[in-house]
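Undergrad: I have a structure I would like to understand better, so I am pasting it below and will then ask my questions one at a time.
Any read-out appearing in this document is the output of simple, stated calculations on the displayed coordinates, not a laboratory observation. Just so we're clear, the structure is a prediction, and the values are computed from it rather than from any experiment. All Cβ positions, even for glycine, are placed from backbone atoms using ideal geometry, and neighbour counts span all protein chains on display.
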Amino acid sequence: MLQNNRVRKLLDIEYPILQGGMAWVADAELAAAVSNGGGLGVIAAGSMPPDLLEQEIRKAKSLTDRPFGVNIMLLSPTAEDAVEVVAGERVPVVTTGAGSPGKVIERLKPLGTKILPVIASVAHAKRVARQGADAVIAEGMEAGGHIGEITSMVLVPQIADAVEMPVIAAGGIADARAVVAAFALGAEGVQVGTRFACCQESRVHEAYKREIIRARDRSTVVTGRATGHPVRCIQNKFTKEFEALEQSGAAVTELEKFGTGKLRAAVIDGDVEWGSVMAGQTAALVQVVEPAQKIIREMFGQSTEVLRSLEKNLFE
Ligand code: TUI
């Protein structure tokens, strides 16, 4: 199983699964739990000043002897500092999000770092291929947080047709059925955010995890289209007030000011009413808090059963 998988080989991991680089959520403990479970754990630099990022990278090295990565959120004002920390610590893998990773690739590729940009369109995938990315993470709008406009079902096969390098599917992936579906669409790996945010080793506040478990099919909403940065969260007082502000024609600066600090409030303080409870549509599929390793084993272990029932339905 998975002997010829390019994502496993590229990242030197057991299962071709990456943990999403979720700001405020993805620390050394979560990354190490995912890496020790056989996937690629990822520390999110997004919410960290450079000295804290360095500390978290060193902590992850003490918690696992397996590879892990760092996610650099390109909209973040500390992105350039994060690149230098990653270079100094010789982190083997970097994922990027929310922008164009040209400069990151230029700086880190000569050091041997594998660069996997998150992309949400065909044009952007082609651009990062020219820039020298090692693989792409094609993220559909089912995902949580900052998103694009295309669903995974439609985005992933187009990206698989457009580039030669391995494609990792993200957005809407939380169980073995989705792993098989992603591979059917041309992906060779998956990235999972929401289900790992809700795992046992995740630092996310209990109240936030409860909101994910409680979520149903229509629990998430997308706000912020007016700012040019659409974000998917679980609907609450914060999203309703944000929507009202957006509809009243508030200036982008006012909207951004209203959003400042809200993700931290939800993740760390557990303010699930007035905080930003970022989560993907898969929140509806997450039903229990489990260890990261169990999640990984289940997602790949059950894929054989999924495939068997698929063959039965399609061909018998
Ligand atoms: O980055 C994410 N998800 C995130 S970042 C984040 S932190 C945040 N906090 C408050 C407001 C906004 C963000 C929360 N969630 N996912 C990766 C991702 N990247 N999704 C979509 C994209 C993307 C979008 C446009 C990547 C590139 C792009 O265009 C770049 C270009 O140059 O065309």
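Undergrad: Using a cut-off of 11 Å between beta-carbons, work out the net charge of the residues near Gly144 (Lys and Arg +1, Asp and Glu -1, Gly144 not included).
TA: On the way: positive: Arg195, Arg232; negative: Glu139, Glu142.
Every neighbour counted, the sum reads 0.
Undergrad: Something else now. Spelling out what I want: for every residue of the range 249-258, take phi, set θ = phi - 60°, compute 6.51 cos²θ - 1.76 cosθ + 1.60 (Karplus), and round to whole Hz; glycine and proline get x.
TA: Ordered by residue, 3J(HN,Hα) equals x, 4, 5, 4, 4, 5, 5, 5, 5, 5 Hz.
Undergrad: What distance in nm separates the simple spin-label points at Lys240 and Arg127, each placed 7 Å from Cα in the Cβ direction?
TA: 3.8
Undergrad: Using only DSSP helix segments of four residues or longer, with each worth -39500 (n - 2.57), what per-residue ellipticity at 222 nm results for the chain after dividing by its residue count and rounding to 500?
TA: On the way: 15 runs with 138 residues, N = 316.
Helix contribution divided over all residues of the chain: -12500 deg cm²/dmol.
Undergrad: Rounded to the nearest 0.05, what FRET efficiency is calculated for Glu256 and Val221 with R0 set to 22 Å and r the Cβ-Cβ distance? Display every interim value, and only then the final one.
TA: Details: r = 18 Å, r/R0 = 0.82.
Rounded to the nearest 0.05, the efficiency is 0.75.
Undergrad: Which cross-chain or sequence-distant (5 or more) residues have an amide H under 5 Å from the amide H of Ile150, H modelled 1.01 Å from N in plane?
TA: Distant-sequence amide H within range of Ile150: Met141.
Undergrad: Taking H placed 1.01 Å from N in the peptide plane, check which residues at least 5 places from Gly145 or on another chain put their amide H under 5 Å from its amide H.
TA: Those lying under 5 Å, H to H, from Gly145 are Arg232, Ala279.
Undergrad: Distance between the C-alpha centers of the range 1-49 and the range 286-313? Whole Å please.
TA: If we compute the Cα centre of each part, the gap is 18 Å.
Undergrad: For Thr78, what residues show an amide H to amide H distance below 5 Å, using hydrogens built from the backbone and excluding near sequence neighbours?
TA: Amide H to amide H, under 5 Å and 5 or more residues apart or across chains, Thr78 pairs with nothing.
Undergrad: While we're looking at this one, here's another question. Just to be sure I understand the model, the point goes 7 Å from the Cα along the line to the Cβ. What's the resulting Trp274 to Glu290 distance in nm?
TA: 3.7
Undergrad: Give the lysines whose C-alpha is closer than 30 Å to that of Lys294, dropping any in the same chain fewer than 8 places away, or say none.
TA: Lys9, Lys59, Lys61, Lys114, Lys209, Lys312
Undergrad: Need one word for the range 1-137: rounded, prolate or oblate. Basis is the Cα gyration tensor (sqrt eigenvalues a ≥ b ≥ c); a/c below 1.5 gives rounded, then a/b vs b/c decides.
TA: Details: a/c = 1.59, a/b = 1.04, b/c = 1.54.
Verdict is oblate for the range 1-137.
Undergrad: Also, quick follow-up: Would you look at the GNM of the chain, springs on alpha carbons closer than 10 Å, and say which of Thr64, Thr304, Thr113 moves the most?
TA: Of Thr64, Thr304, Thr113, the most mobile in the Gaussian network model is Thr304.
Undergrad: For the chain, rounded, prolate or oblate, judged on the Cα gyration tensor with a ≥ b ≥ c (square roots of eigenvalues), a/c < 1.5 rounded, else prolate if a/b > b/c?
TA: Values: a/c = 1.34, a/b = 1.14, b/c = 1.18.
Because its axes are fairly even, with a/c under 1.5, the chain counts as rounded.
Undergrad: Measuring from label point to label point, each 7 Å out along Cα→Cβ, what is the Arg203 to Met1 span in nm?
TA: Once both label points are built, they end up 3.3 nm from each other.
Undergrad: Between Glu84 and Glu149, what is the FRET efficiency for a Förster distance of 35 Å, r being their Cβ-Cβ separation, to the nearest 0.05? Please list the in-between numbers first.
TA: On the way: r = 33 Å, r/R0 = 0.94.
Efficiency computed from Cβ-Cβ geometry: 0.60.
Undergrad: In whole angstrom, how far apart do the alpha carbon centroids of the range 191-256 and the range 80-129 sit?
TA: A separation of 26 Å, based on Cα centres.
Undergrad: May I ask you to evaluate 6.51 cos²θ - 1.76 cosθ + 1.60, the Karplus curve with θ = phi - 60°, for each residue of the range 103-110 and list the ³J(HN,Hα) values in order in whole Hz, giving x for glycine and proline?
TA: So the Karplus estimates, Gly and Pro as x, are 5, 5, 5, 4, 6, 9, 4, x Hz.
Undergrad: Let me ask something else. From the phi of every residue in the range 290-306, what ³J(HN,Hα) in whole Hz does the Karplus formula 6.51 cos²θ - 1.76 cosθ + 1.60 yield, where θ is phi - 60° and glycine or proline is x?
TA: Once rounded to whole Hz, the list reads 9, x, 4, 4, 5, 4, 5, 4, 5, 5, 9, x, 6, 5, 5, 5, 4.
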